[in-house]
Structure formats: C-alpha cells, structure tokens
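Engineer: Handing you a structure now.
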Amino acid sequence: MSEVAIRPNLSSRTAIAGQSALSGRRRGLGGLLPFIGPAVVASIAYMDPGNFATNIQAGARHGYMLLWVVVLANIIAMLFQALSARLGIITGHSLAALCRMHFPRPLVLTMWVASEVAAMATDLAESIGAAIGISVLFGLPLLVGLLITFVITWALLSLQSRGFRPIELIITAFVGIISVAYLVELFIAPPDWGQFLFHSVVPQLAGADSVTLAVGIVGATVMPHAIYLHSALMTDRVNARSDQERRRLLKYSNAEVLVALGLAGLVNMAMVAMAATMFHEGHSDVGEIETAYHTLLPLMGVVAAGAFMTSLLASGISSSVVGTMAGQVIMQDFVGFRIPMWVRRAVTMVPAVIVVAIGVQPTDALVMSQVVLSLVLPVPMIALFVLVRRPGVMAGFAIGRGLQALAAVATVIVLALNAILLLQSFGN
C-alpha cells in the first residue's frame, strides 16, 4: 500500500527553515528570514490610524517640535516589544496567560477589564481610520465604510486557519504599502532636514495642547495590545530545544524588532514631517484626516493625496486584523474564555459604529482613543517588567540589571506623562 506524501504548507516550511537556523545550518539573512513576522505584525499597531491623527495634528500645530516624542516612544516600543517576545520564547506562554498564572485573581480580572478597554479603544481607531480611507477614496458614507472594513477584516482573519505564515506575509505587504506611500510623500515635499534632525533629539513642549498630543503620540506608538500579542505570537512558531537555540532565537527576534520597529518609527516621523512641511505654515488649523487629504490635493497633487489616503486605508485594515487577533489573545489567556473571531470583531466594532452614528468628529475620536490607550499602557508594561525579571519565570533568561533599569525608566516616563495629562485635565 503506497503512502501519499503530504506537502508541507507555508507555515510548516517556515518552521522547518527556522529550526535549521537555530541548529546553525542557516546563517546571516537566510537565517533571519524564517523569523521575520511577529515583530512586523506587532509593528502595524505603531502605524495605525491613531498615529495618523496624532501625527497630523502634532505637525500641523507645532511643526517639527514633537518629533522627539516620536523617537522616544519608538525606543520604548522597541524595548518592550523585545521583552514581550523574550517572555513568549522562554516560557512558551503569552503575557496575559502568565499574568493569570502568577498574579492574584482580583488583580488579573482588573487587568483584563483594563485591557479590554484598550482593545475597544484600539478597534475604534483602526475601524474609523479604514472607514475614512474607504469613504474618501470611493465617495461612500462613513457607515458603509465601516461595514466594508468589517467584511475585509473578517476575510483576512479567516486565513489564520492556514497557519501563521500567510497572515504574516499579508501584514508585511500592508507595511510595505504604508512605507512606500510615505517615501512618495517625502520625495514630493521634502522636509527641512535641519529642523527635522534638531527636533528629533531636542525635547521641547509648548503649552497644554502639546502635552496632550505628546501623551497621545505615546499612546498611539507604544500599544498595549501589541505588547500582549507579541508574546503570544512567539509561542507556537519555532520551538527552541536547548539554551543555545533559545539564545539564537532571542538574537533573531531582537534583530527583527530592531528592523520592524525602526521602520515604523521612520514612518511616524515622516507623518509628522509631512504635516509640518505642508500644514504648519498657513494651514496649522488642519486637524482632521479628511481635511488633510483635501488640503493636500491642491497643494501636492493627486499622487501625494492619493498616497496619503491609500496608506491610511492599508493601515486601518491591517491594524484592524492585528487588533482583533490581540483582543482574542487577551480574552482567552486572561480569563480562558474563547468566542468565534467574527463575534469578537463584531462586538469590538460597536463603539466605532456608535461614534459615527452620533456624529462625533472621527479624527477627534481617534486622538482621544490614543489618550485612553496611553492611560491603560502602564498595565502591560508593569506586568511585563515584573515577569521578565523573575528567575523562576524566565528559567535562567531573566533580564539583567541594565535592562531592568532601562525598562524601569521607560515605565516611569509613561507614568509621568500620564500624571501630567491627568493634572492638566483636572486643572481645566
């Protein structure tokens, strides 16, 4: 009786190539390629429509001044995404699952509620952003754009049944579209590079509005759901069978984080630079994404304006996929409750539908959603910091004092920005 050979699918071939790299048979770029995916998926959260809203307002109102916030937020993001991946690689569990295993149940339930709020705020930004792109590019009502976003997102999420690799490649393609779009923007309207470099490294703030936007930028860049998701993505791709293989896997993971998050940071800086170049002098009142498009159209032409909205559409759809994946991880790993993906997608879209239906300005909703995310952000940051420094959790791979100090400083910075925002809000 003859046996029929089963052809490995894309995901299993990637896992085989990754195992070859961990054993030392593949090196260099060939060794890195099988591990490209999780950080790219997480990075789309750093280029979502919330970033578009906060970055456009930052550049239009304050020119290049808040670029340093983008740089700082991206460095913090790199650190915590790398730590999240490390946690998943070493323990084989997601951050949410480890919280359930190691923290008191009342605290876990509180963290779960806060994380669900973050998931709702995330989906609000992503769904509205995609709907704006569809509405402007195709002349459709915003509510119709939301419905189309739901259908496309559900269709893409169905690819998860084919393994981890197809969805990773699709998200990578979306990242490529966004990156090329902003390369086009910088080519058509090059920024003042002197101001660009100066404000990238010199911290400045100017009044309450700049503080709110700074906190919004941090909330739009360092995303709670991305921290949860990254650890989960690392648990079932390529299994390291020895400490030597774990060290190699950590090396490849850190390299991927550096590349993927570095690209995301450059895209965010390009967003601020474009808004500063085109809007700050003469159009500083531009604060809405739709207004930005209609202002760009006569100033820079149909190519630049079209690239802007195409990148927003790619951002909204891909980040909606990633946000729904993260929401599922948060629910099932915190409380062990699983629901069908399409139900999860439908429920998390409810706030976006309500916001659009009652006539709230979409861009204002995007900015405020990022402030909410910034306020929730300390929850996964502190939990991750506590867990990755515990030898009993990390099995000999707990972070050293240097990384502990960096993570502590980053957490304090986020807490300080949140405190400033709260004091400012109560002061008004």
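The values are calculated or read from the model by the stated rules, or taken from the named source; none is laboratory data. Since the structure is predicted, the reported quantities are computational estimates derived from the model, not experimental observations. Cβ atoms come from the backbone with ideal geometry, glycine included; neighbour counts cover every protein chain shown.
Engineer: Can you tell me which residue within the stretch 89-113, out of those that are touching a Leu at 6+ places or on another chain (Cβ under 9 Å) and among the aliphatic types (A, V, I, L, M), is nearest to A326 (Cα to Cα)?
Structural biologist: Once the filter is applied, the top-ranked residue is L95.
Engineer: Right, something else. Which numbered condition in (1) of a type in the set (G, A, S); (2) more than 16 Å from T310 (Cα to Cα); (3) modelled with pLDDT of 85 or more is the only one that G216 fails?
Structural biologist: (3)
Engineer: Would you mind finding the one in A82, A96, A125 that is closer than 21 Å to I317 by Cβ and within 19 Å of the chain's Cα centre (by Cα)?
Structural biologist: Checking each option against the conditions leaves just A125.
Engineer: Within the stretch 57-75, is even one residue within 29 Å of L22 (Cα to Cα) and either part of a helix (DSSP H, G or I) or modelled with pLDDT of 90 or more (or both)? Write out each step before concluding.
Structural biologist: Residues of the stretch 57-75 that are within 29 Å of L22 (Cα to Cα), as a first pass: 74-75.
Keeping just the survivors that are either part of a helix (DSSP H, G or I) or modelled with pLDDT of 90 or more (or both) gives 74-75.
Within the stretch 57-75, one or more residues are within 29 Å of L22 (Cα to Cα) and either part of a helix (DSSP H, G or I) or modelled with pLDDT of 90 or more (or both).
Engineer: Regarding the stretch 112-125, can at least one residue be identified that is of a type in the set (S, T, Y), without any contact (Cβ under 8 Å) to a residue 24 or more places away in the chain and either closer than 20 Å to A96 by Cβ or in contact with a strand residue (DSSP E or B) (Cβ under 8 Å, 6 or more places away or on another chain) (or both)?
Structural biologist: Going residue by residue through the stretch 112-125, those that are of a type in the set (S, T, Y) are 115, 122.
Add one more test, that the residue is without any contact (Cβ under 8 Å) to a residue 24 or more places away in the chain, and what stays is none.
No, that holds for no residue.
Engineer: Exactly one condition in (1) in contact with a Pro (Cβ under 7 Å, 6 or more places away or on another chain); (2) of a type in the set (A, V, I, L, M, F, W, C); (3) at pLDDT below 80 is false for M368; which is it?
Structural biologist: (1)
Engineer: Please specify each residue of the stretch 139-179 satisfying the condition of being in a helix (DSSP H, G or I) and under 20 Å from I358 (Cα atoms).
Structural biologist: Hits for the stretch 139-179 are L142, L143, V144, G145, L146, L147, I148, T149, F150.
Engineer: Using beta carbons and a limit of 7 Å, which pairs, at least six apart or on different chains, have the first residue in the stretch 38-54 and surrounded by 24 or more Cβ atoms within 10 Å (Cβ to Cβ) and the second one of a type in the set (A, V, I, L, M) and not in a helix (DSSP H, G or I)?
Structural biologist: Pairs found: P38/M234; A45/M223; Y46/M223.
Engineer: What residue, of G129, G139, G133, G92, is farther than 24 Å from V347 by Cα and modelled with pLDDT under 85?
Structural biologist: G139
Engineer: A further question on this structure: Taking A357 as the residue in question, decide whether it is modelled with pLDDT of 75 or more, surrounded by 23 or more Cβ atoms within 10 Å (Cβ to Cβ) and on the phi < 0 side of the Ramachandran plot.
Structural biologist: Against the criterion (modelled with pLDDT of 75 or more, surrounded by 23 or more Cβ atoms within 10 Å (Cβ to Cβ) and on the phi < 0 side of the Ramachandran plot), A357 does not qualify.
Engineer: Quick check on the stretch 23-44. Is at least one of its residues farther than 30 Å from V201 by Cα, assigned to a helix (DSSP H, G or I) and within 20 Å of the chain's Cα centre (by Cα)?
Structural biologist: Within the stretch 23-44, one or more residues are farther than 30 Å from V201 by Cα, assigned to a helix (DSSP H, G or I) and within 20 Å of the chain's Cα centre (by Cα).
Engineer: A further question on this structure: Restricting to the stretch 45-74, name every residue that is aliphatic (A, V, I, L, M) and either within 10 Å of the chain's Cα centre (by Cα) or more than 23 Å from D192 (Cα to Cα) (or both).
Structural biologist: Going through the stretch 45-74, the residues aliphatic (A, V, I, L, M) turn out to be 45, 47, 53, 56, 58, 60, 65-67, 69-73.
Within the stretch 45-74, A45, M47 qualify.
Engineer: Return yes or no: is V108 in contact with a Cys (Cβ under 7 Å, 6 or more places away or on another chain), surrounded by fewer than 24 Cβ atoms within 10 Å (Cβ to Cβ) and closer than 15 Å to G336 by Cα?
Structural biologist: Taking the combined requirement at face value, the residue satisfies it.
Engineer: Can you tell me which residue within the stretch 396-409, out of those that are surrounded by 12 or more Cβ atoms within 10 Å (Cβ to Cβ), touching a residue at least 40 places away in the same chain (Cβ under 8 Å) and more than 23 Å from the chain's Cα centre (by Cα), is nearest to F80 (Cα to Cα)?
Structural biologist: So, considering only residues that are surrounded by 12 or more Cβ atoms within 10 Å (Cβ to Cβ), touching a residue at least 40 places away in the same chain (Cβ under 8 Å) and more than 23 Å from the chain's Cα centre (by Cα), the one nearest to F80 (Cα to Cα) is I399.
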